[in-house]
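Colleague: Attaching a single structure in structure tokens format; questions to follow.
The values are calculated or read from the model by the stated rules, or taken from the named source; none is laboratory data. Quick caveat: nothing in here was measured; it's all calculated off a predicted structure. Note: ideal-geometry Cβ built from the backbone for every residue, glycine included; neighbour counts use all protein chains shown. SASA here: full protein model, heavy atoms, side chains in, ligands and nucleic acids out. Shrake-Rupley method; radii C 1.70, N 1.55, O 1.52, S 1.80 Å.
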Amino acid sequence: MRKITLDNMAETFDVVIVGGGVSGAGVYEQLVRKGYRVLIIDKGDFASGTSQASGMMVWGGLLYLKNYDFRSVIKFSKSRDELISGINTGVGIRRFRYLPLVQGGRSKHFVHSGLYLYWLMSLVRRNRPYSDGCFPEQNFINKSRFKESLVYEEAGLDLSDSRFVLDRIARYHSIDCCALNYCSLQGASRKDGCWYLSLFDEHSGNDIQVKSKLLINAGGVWAEKIDDLVAIQSPYKHVFSKGVYLAFKRPKNHQDCLVFEMGQHGDSQTFHPWGPVSLWGPTETAIDDLSGGFQATTEDVRFLLGQANQNLSMNYDAGDIVSLRCGIRPLAVKKSYRGNHYPLSLSRKHMVYHAKESSYISIYGGKLTSCEQLGKEVYQYVVKALGLPTRQEPEEINYEYSLDANQAPTPQWSMDNEYCLTLEDFLRRRSNISQWVHRGGMGVADANLGNIEHISKIIEKNNAKAALANYKNKIHQEYDKLLDSV
Ligand SMILES: Cc1cc2nc3c(=O)[nH]c(=O)nc-3n(C[C@H](O)[C@H](O)[C@H](O)COP(=O)(O)OP(=O)(O)OC[C@H]3O[C@@H](n4cnc5c(N)ncnc54)[C@H](O)[C@@H]3O)c2cc1C
């Protein structure tokens, strides 16, 4: 599929989007559907940045209620509910249970009133919140800390965050709307009102030159680097917040997303079911730069294990951890921001900067909930800059699969239909194997290694042995060694 793109793609586009995470994919889908000629590129695989490490929740803006920011609550609730009711959005309703602390937390009635207000602000599109003292998850929560639950509705992704991104990209494919993963922006210059972009195809080692009327930076935590590369000064920057989840085998009776109250300041942790695992987390740690990579540390794991064991009745140890998810949240702030805030108190809203004279748009921040909203907002900027598109909406490719039982995409199908190039692309982002089976899919004591070897042969062909060795080494460094150190 990627070769077809490279052989046939146009040399001139209306828009080139740099960054194929949630934000880039949301914008790509909107612009392609409106009829613009668009190329989206990513230096790695699509969704290989923060967008493969999220909690996969589509929140309606509950966080903003704390600061009485009612406008944002109404806006995010609307976006969430549009995603729930839209066709093929990959988003469904989730039941949440807020668990107030028996002692030392906020008043249960106060929280209940807040959830009621939240529900009213969603214009009662969701079910009314209620108090429930008898629920299946009581079997595995620490009953000395939590007794009752307050039930309310939010939304979550049906399959995974990576699939949410891929679905928005792989659904459209022609000479006018193209997607290239493993293709990085190396440099850019402007002449006669157009961008001349130097791209590097990391897969083949070839340089690619394309021309574009407008350039969009959707580089997530790397957005400032991209601004620098093209010599544009944006009024925004990112503050980074690292977040980690631990995945454990899903306990029997775990149906709803549990939100545990952690103290008086409104901090909470979630434990939510995802296929055969349940995710505990996330952490929220301010970091200064990206030098530590997207890598959980011994401290992160110890901290989360301690919390899980305090609030659940299981008494987990490191050997119970099926997988880890670690990402860095790009939190948008003004460039003049010099604060040193606890990241949870910073806004999760996106900011869009349009440098009109340079036909350049930079996106800072962003969330799953607002990605369609972001796409619509950017579309308005693009119309102002380029005028309305002259082409019709392209045909959607019939792009259907299911991750249920035996109908998960096969490696060959993913290679043919959704830009799958490497073993890890398949294990982590096309399927959930690396997250749902111990040790990146290899299993406890390599019990599943034979299957991984088979997948490697299909995808990596002559390079299968070396690719498998690299993958094993990566899992050894990022999983085995880390958990041994806990
Ligand atoms: C632990 C955790 C939990 C979260 N939970 C939720 C949640 O439940 N709900 C929610 O809505 N949000 C959640 N988030 C936030 C959400 O995941 C992020 O805000 C979102 O994924 C950011 O998407 P993005 O597209 O901006 O960035 P990314 O996904 O990082 O995408 C940016 C892309 O740009 C590419 N790129 C960078 N530089 C270049 C270049 N020079 N050339 C080509 N490509 C380039 C990168 O490779 C990358 O793929 C969570 C985040 C974390 C860390």
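Colleague: Would you check if there is a residue in the range 248-264 being within 14 Å of the ligand (Cβ to nearest atom), of a type outside the set (Val, Ile, Thr) and in contact with a Cys (Cβ under 9 Å, 6 or more places away or on another chain)?
Modeller: So far as the range 248-264 goes, no, none of its residues is within 14 Å of the ligand (Cβ to nearest atom), of a type outside the set (Val, Ile, Thr) and in contact with a Cys (Cβ under 9 Å, 6 or more places away or on another chain).
Yes/no per residue for (1) within 30 Å of LYS356 (Cβ to Cβ); (2) outside any loop (DSSP other than H, G, I, E, B):
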| position | (1), (2) |
| --- | --- |
| LYS143 | no, no |
| GLY156 | no, yes |
| LEU159 | no, no |
| SER162 | no, yes |
| ARG168 | yes, yes |
| ARG190 | yes, yes |
| TYR196 | yes, yes |
| ILE208 | yes, yes |
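Colleague: Of the numbered conditions (1) open to solvent by less than 20 Å² (accessible area, probe 1.4 Å); (2) assigned to a helix (DSSP H, G or I), GLN138 fails exactly one; give the number of that condition.
Modeller: (1)
Colleague: Would you mind stating whether SER48 is more than 13 Å from the ligand (Cβ to nearest atom) and either free of Cβ contacts under 8 Å to residues at least 12 places away in the same chain or under 16 Å from the mean Cα position of the chain (by Cα) (or both)?
Modeller: Against the criterion (more than 13 Å from the ligand (Cβ to nearest atom) and either free of Cβ contacts under 8 Å to residues at least 12 places away in the same chain or under 16 Å from the mean Cα position of the chain (by Cα) (or both)), SER48 does not qualify.
Colleague: How many of the residues in the range 54-77 are within 11 Å of the ligand (Cβ to nearest atom) and in contact with a Leu (Cβ under 9 Å, 6 or more places away or on another chain)?
Modeller: Final tally of qualifying residues: 8.
Colleague: Out of PHE46, PHE70, which single residue is open to solvent by less than 10 Å² (accessible area, probe 1.4 Å), out of contact with any Lys or Arg (no Cβ under 7 Å at 6 or more places or on another chain) and not charged (D, E, K, R)?
Modeller: PHE46
Colleague: Would you confirm, using the coordinates I've provided, whether VAL322 is open to solvent by less than 10 Å² (accessible area, probe 1.4 Å), under 24 Å from SER160 (Cβ atoms), away from the ligand (no atom under 14 Å from the Cβ) and not in a loop (DSSP other than H, G, I, E, B)?
Modeller: Answer is yes for this residue.
Colleague: Within the range 180-193, identify whether any single residue is free of Cβ contacts under 8 Å to residues at least 12 places away in the same chain and among the polar types (S, T, N, Q), and answer yes or no.
Modeller: The answer is yes, given that some residue of the range 180-193 is free of Cβ contacts under 8 Å to residues at least 12 places away in the same chain and among the polar types (S, T, N, Q).
Colleague: Name every residue in the range 281-296 that is more than 14 Å from the ligand (Cβ to nearest atom) and either crowded, with 17+ Cβ neighbours inside 10 Å or touching a residue at least 24 places away in the same chain (Cβ under 8 Å) (or both), in order of residue number.
Modeller: Across the range 281-296, the qualifying residues are ASP288, ASP289.
Colleague: Also, quick follow-up: Kindly evaluate ARG126 against the criterion of being modelled with pLDDT of 95 or more, over 18 Å from GLY60 (Cα atoms), in contact with a helix residue (DSSP H, G or I) (Cβ under 7 Å, 6 or more places away or on another chain) and crowded, with 18+ Cβ neighbours inside 10 Å.
Modeller: no
Colleague: Mind listing whichever residues of the range 213-247 are more than 11 Å from the ligand (Cβ to nearest atom), β-branched (Val, Ile, Thr) and under 30 Å from ARG302 (Cβ atoms)?
Modeller: Selection gives VAL239 alone.
Colleague: Would you call LEU120 assigned by TED's automatic domain parsing to the domain that holds PHE248, free of Cβ contacts under 8 Å to residues at least 60 places away in the same chain and crowded, with 17+ Cβ neighbours inside 10 Å?
Modeller: Taking the combined requirement at face value, the residue does not satisfy it.
Colleague: Can you tell me how many residues in the range 29-52 are part of a helix (DSSP H, G or I) and acidic (Asp, Glu)?
Modeller: Residues that pass the stated criteria total 1.
Colleague: Looking at the range 447-486 only, could you name the residues that are at pLDDT 95 or above and among the charged types (D, E, K, R)?
Modeller: GLU453, LYS457, GLU460, LYS461, LYS465, LYS472, LYS474, ASP480, LYS481, ASP484
Colleague: Is it the case that GLY366 is within 16 Å of the ligand (Cβ to nearest atom), open to solvent by 10 Å² or more (accessible area, probe 1.4 Å), at positive phi and out of contact with any Cys (no Cβ under 9 Å at 6 or more places or on another chain)?
Modeller: yes
Colleague: Condition first: within 30 Å of LEU421 (Cα to Cα) and not in a loop (DSSP other than H, G, I, E, B). Now tell me which residues in the range 53-69 satisfy that.
Modeller: Passing the criteria: MET57, VAL58.
Colleague: I would also like to ask the following. Out of the range 1-28, which residues are near the ligand (Cβ under 7 Å from one of its atoms), part of a helix (DSSP H, G or I) and either open to solvent by 10 Å² or more (accessible area, probe 1.4 Å) or in contact with a Ser or Thr (Cβ under 6 Å, 6 or more places away or on another chain) (or both)?
Modeller: Within the range 1-28, VAL22, SER23 qualify.
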